[in-house]
Amino acid sequence: MVHGLLHDHGAGFVVDQVVNQNGPRGRGLLGVQERVEALGGTLQITSAPAQGTTLQITLPVDLGEVSRGAAGAWADLRLPASAGLHETG
């Protein structure tokens, strides 16, 4: 498994209002959610106004596959080493 945790100290938002929003919207969080789900993973979004935002991502993948240049959805997943990804047993 690969787990990622991303946190910012920004303005934050009400998660239900953003995730369940109808009509046109940006591709930011929606794009992350689609890619994570395409890989069989999970995305948990925690946020509140004036509290910042945390994304917790879990992917059922061996990091060795990524370092060997695995194809498919991994080709679009470009995170810096500082993103906090680590492998668990």
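None of the figures in this text is laboratory data; all of them are computed from the coordinates on show. All figures in this text were calculated on a predicted structure; none of them were measured in a lab. Cβ sites come from the backbone with ideal geometry, for glycine too, and all protein chains shown count toward neighbours.
In order along the stretch 33-45, the phi-based Karplus estimate (6.51 cos²θ - 1.76 cosθ + 1.60, θ = phi - 60°) of 3J(HN,Hα) comes to 4, 4, 5, 4, 5, 4, 8, x, x, 10, 10, 10, 10 Hz; Gly and Pro are listed as x. With each label modelled as a point 7 angstrom along the Cα→C-beta vector, the A38-D16 pair spans 3.0 nm.
Most tightly packed first, judged by the mean number of other beta-carbon atoms within 10 Å of their residues, the peptides 30-37, 53-60, 13-20 read 53-60, 30-37, 13-20. Here the label points at L6 and T54, each 7 Å from Cα along the C-beta direction, are separated by 1.6 nm in the simple model.
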